[in-house]
Amino acid sequence: MKRFAALLLLLCSCAAWADEASHRRLAEELMGLTQTEATVRNWRKRFEAQAQEMVEEAVQGRRPEQLSDAQRQSVRRFSEHGAEALDAGLNWNKLKDPLAKLYMDTFTESETRELVVFYKTALGQKMLRGLPALSEGIAKIVRAQVDVMRPQLQGISQDFQAEFARAASAAPSGAKPADKVFDKPAEKSSGKVPAAAGACRNAKTGQACA
């Protein structure tokens, strides 16, 4: 019985491993169809462009021969160190595994297979080709609408700032917080215990006690 259970566990483990390996192959195929590696390269180009903008801002339009030796060396070191960092951090071999896991966590094996089939069709390929233009078009429309709304948004912001400033100036500067009333020192007791009315009278005169 124990041997049968152990054999069954081994078979289940092998099946799970086979399913994961099959899912991984499909995820890698989907990454190839959706040009995920090219997307990573495009991200690197963005960082390289930002680095170049930093250099141009630093040199302020001067040509290399117009810079001092120390300045040229500084630019060179910056470029080299930036390229080394991008080579180490944004290379496909390093990102391939976590990206494949992302696809596997997002889509089941069955869903990944269906996506692979779809992106192999003419419509799927057309969609991939059209996605960059669609994304750019969406961003352009949103930016244009924001430009139309900008005066209204600025007015709302200015109204808020003015109203908040008025509310701040209207608040009494010397107002004592409500919880501070409990800080008032208690009045000193005379040491006499007050008696109920008519409860105490002088035995000789019959008058109430003072």
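Throughout, read-outs are computed from the coordinates displayed, never taken from laboratory work. Small disclaimer: the values here were computed from a predicted structure and weren't measured. Note that each Cβ is placed from the backbone with ideal geometry, even for glycine, and that neighbours are counted across all protein chains shown.
Here the Debye sum runs over all C-alpha atoms of region 74-151 as equal scatterers in vacuum, and log10 of I(q)/I(0) at q = 0.11, 0.26 Å⁻¹ comes out as -0.64, -1.09.
Note on LYS96: aspartates and glutamates with a C-alpha under 17 Å away, same-chain residues under 8 apart excluded, are GLU20, GLU28, GLU29, GLU37, ASP87, ASP105.
Working from label points 7 Å from Cα in the Cα-to-Cβ sense, the ALA85 to GLU48 distance is 1.6 nm. When restricted to Cα atoms, region 17-120 yields an Rg and a Dmax of 20.4, 63 Å, respectively.
Around GLN158, what is the net charge, scoring Lys/Arg as +1 and Asp/Glu as -1 over all other residues with Cβ under 14 Å from its Cβ? Neighbourhood net charge equals 0. For the pair ASP69 and PHE164, label points projected 7 Å from Cα toward Cβ lie 5.5 nm apart. Rg and Dmax over the alpha-carbon atoms of region 124-165 stand at 17.7, 57 Å. With R₀ set to 45 Å, the beta-carbon distance separating LYS96 from ILE156 gives a calculated FRET efficiency near 0.45.
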